[in-house]
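Notes for the one structure printed next.
Any read-out appearing in this document is the output of simple, stated calculations on the displayed coordinates, not a laboratory observation. From a predicted model like this one, the values you see are computed outputs, not experimental measurements. Quick reminder, even Gly has a Cβ in these numbers, built from the backbone with ideal geometry, and neighbours come from all protein chains shown.
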Amino acid sequence: MISYLKGKLSAVQNNEIILDVNGVGYGVFITKKVKEHLPEMNGEMSLITFLDVKENSLTLYGFFDVREKEIFKLLVSVNGISSKTAHNILSYAGFEDIVGLITNRNALSGIKIPGIGDRKIEMISVALKDKVFKLSEGFEVDRSSFESTDAFAKEQSRLDALNALMNLGYNRTEGERIIREVLKTNPETSLSTEELIKKALGFGS
């Protein structure tokens, strides 16, 4: 498995580059962020990679950092999302944008991704909403760049409040129902975890 490449940039065409590694040219499909940080032609660069193995093809995808690779792997875990589709998403949207897509389906309203319509966005969001917060487990992932976004903060507060209710004896289904009711009655307010728990306990009593 090819997990990492370091070499000289020898060609760029759209979202694909050729990386010369000791005289061997590797064709690598790259993300939006990698493209934004490419060196000058023949400049040294390194890439975290994922080798997609199919019956009749081998395709290399290159990522700016570990978290991009992990979000790619999450995307391809969704039924109906191929490696090509996941790469297409990463070609138009950065890591923070995709976290926004998963936690708040309206987050990509200003970004047009060919072949990704509202139904597909909803499918991705439903499948990955809980999983996206586990990205840092086992990896040194810098969450500070997206923890400040409204979508992340609201979702993290919701999950923390749900865990608190479950620790107090509520089952998951009941806890989620109560939190939904609290959020429905406070649509314009960004509640902290503590405020959400207090209001949820009020609903539950």
Tell me which residues come under 5 Å, amide H to amide H, from GLU16 once H is placed; ignore anything under 5 positions away on its chain.
ILE30
The lysines whose Cα lies under 16 Å from the Cα of LYS6, excluding any fewer than 8 residues away in the same chain, are LYS35
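Tell me, what is the FRET efficiency for ASN56 and THR173 to the nearest 0.05, using R0 = 41 angstrom and their Cβ-Cβ distance as r?
Numbers: r = 45 Å, r/R0 = 1.10.
Efficiency computed from Cβ-Cβ geometry: 0.35.
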Tell me, in nm to one decimal, what length is gained between ASN163 and VAL126 on full extension, where the rule is 0.36 nm per residue of separation less the Cα-Cα distance?
11.4 nm
HN-Hα J in Hz across the range 19-32 - Karplus 6.51, -1.76, 1.60, θ = phi - 60°, x for Gly and Pro
10, 7, 10, 6, x, 10, x, 9, x, 10, 7, 10, 8, 4
Cα to Cα, under 19 Å, and not fewer than 8 places away if on the same chain: which lysines meet these conditions relative to LYS199?
LYS154, LYS184
If amide H atoms are built 1.01 Å from N in the plane of the peptide, which residues on other chains or at least 5 residues away come under 5 Å of the amide H of ILE2?
LEU51
Residue by residue through the range 71-78, which ³J(HN,Hα) values in whole Hz follow from phi under the Karplus form 6.51 cos²θ - 1.76 cosθ + 1.60 (θ = phi - 60°), with glycine and proline marked x?
5, 4, 5, 5, 4, 6, 7, 7
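For a 31 Å ceiling on Cα separation, which of these pairs sit above it: LYS32/LYS198; LYS33/LYS129; LYS54/LYS129; LYS32/LYS131?
Details: LYS32/LYS198 42 Å; LYS33/LYS129 23 Å; LYS54/LYS129 28 Å; LYS32/LYS131 23 Å.
Long pairs (Cα-Cα over 31 Å): LYS32/LYS198.
Counting other C-beta atoms within 10 Å, which of HIS37, HIS87 has the fewest, and how do the rest follow? The partial results should precede the final answer.
Details: HIS37 10, HIS87 22.
Going from least to most buried by this count: HIS37, HIS87.
Fewest Cβ neighbours within 10 Å first, please rank THR31, THR173 accordingly.
Fewest-to-most Cβ neighbours within 10 Å comes out as THR173, THR31.
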Dipole magnitude of the range 4-63 about its Cα centre, charges +1 at Lys/Arg Cβ and -1 at Asp/Glu Cβ only, in debye to the nearest 20?
120 debye
